[in-house]
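Visitor: Encoded as structure tokens, here's the structure I'll be asking about.
The values are calculated or read from the model by the stated rules, or taken from the named source; none is laboratory data. It should be emphasised that the depicted structure is a prediction, and the values quoted were computed from it without experimental measurement. As a convention, Cβ positions derive from the backbone with ideal geometry for all residues, glycine included, and neighbour counts pool all protein chains shown.
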């Protein structure tokens, strides 16, 4: 009578521990065996799976593994694309480690060895409370990597700006509070506090300061004389840094600003690539109307409409989906009924 072979694989960066059980939970091998986490090791797993599947006359093979960082990615794809396994109708279960950890608590006695995890993973799949993992759509997977990296890049820029503001307070304590520029990190603003100390601004003629501000503001600043006067007033109010620290603080502030400028240039390149990737999808949606209560506080500023937000789809994907949080999971059902299927597929695959 045809049966099912259950395979548990405990994945790590260098090796994979493998165990086999049948549909009744009987062990088919005495203890897990280990293979390298590379193509030869994966091929060894395929050979062993075929051998044990034939031994119990299995018509189906179910293979489970934990989604341990990115280490299961190549193994899953290699096994799933194997033509040798295709006759056994293989199904794959790449599970959240938390699921396996919770299932493990049902065992009253466990041996004090790590290789028993492969047995637990196989049993977890056998109990049937997990869903199969399909092969990824590589178009979505590529875009997902880009949006997640963008999220990381934005977080890094935010961290660097926080560091810069801390250093700025040491160098020019009243600058941020009295800043006459619309953006503290704008070109004209950073040029001022990166180039001068409060003492230098305090004694600088207003005309000379006006010329400096205009030259670094691309001649787009309104009321440069008022800006110069505000800067001089702020310089007179600012604390003076100990001379032994001036050079150190100035140097670290300059280097931090260079980091920010470099990261922002990388962000522009990344945005171009994300837009290019989005053009490859068959979707007509360019913006999405979304309740502001579901967005992070920082993203609500993109609109003054209190009842809803009209967000570009690229912005939606980058800011709200790539952050890998769970705040939109409850909205998937309603989205699928209100948007075209192609648009929904794009949003949900990115998520």
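Visitor: Quick test for you: out of 26, 54, 37, pick the one residue that is in contact with a helix residue (DSSP H, G or I) (Cβ under 8 Å, 6 or more places away or on another chain) and free of Cβ contacts under 8 Å to residues at least 40 places away in the same chain. Explain how you work it out, then say what you get.
Guide: Details: 26 fails: in contact with a helix residue (DSSP H, G or I) (Cβ under 8 Å, 6 or more places away or on another chain); 54 fails: in contact with a helix residue (DSSP H, G or I) (Cβ under 8 Å, 6 or more places away or on another chain).
Going through 26, 54, 37 in turn, the sole match is 37.
Visitor: Do we find a residue being in a helix (DSSP H, G or I), more than 22 Å from the chain's Cα centre (by Cα), over 26 Å from residue 76 (Cα atoms) and at pLDDT 95 or above anywhere in region 140-157?
Guide: Quick first cut of region 140-157, residues in a helix (DSSP H, G or I) only: 140-157.
Still in the list and also more than 22 Å from the chain's Cα centre (by Cα): none.
No, because not a single residue in region 140-157 is in a helix (DSSP H, G or I), more than 22 Å from the chain's Cα centre (by Cα), over 26 Å from residue 76 (Cα atoms) and at pLDDT 95 or above.
Visitor: Related question: Could you list all residues from region 74-111 that are loosely packed, with under 11 Cβ neighbours inside 10 Å and at pLDDT below 90?
Guide: Step one: filter region 74-111 for residues loosely packed, with under 11 Cβ neighbours inside 10 Å, giving 81, 83, 86, 98, 105-106, 108-109, 111.
Of everything in region 74-111, those that are loosely packed, with under 11 Cβ neighbours inside 10 Å and at pLDDT below 90 turn out to be 98, 105, 106, 108, 109, 111.
Visitor: Hey, another quick one. Tally time: how many residues in region 9-27 are closer than 17 Å to residue 127 by Cβ and either surrounded by fewer than 17 Cβ atoms within 10 Å (Cβ to Cβ) or not assigned by TED's automatic domain parsing to the domain that holds residue 74 (or both)?
Guide: Residues that pass the stated criteria total 5.
Visitor: Under 8 Å between Cβ atoms, which residue pairs at least 6 apart in sequence (or on different chains) link something in region 204-229 that is within 18 Å of residue 187 (Cβ to Cβ) with a partner that is at pLDDT below 90 and outside any helix (DSSP H, G or I)?
Guide: Close Cβ pairs (under 8 Å, with a partner that is at pLDDT below 90 and outside any helix (DSSP H, G or I)) amount to 213/221; 214/221; 224/217; 227/221.
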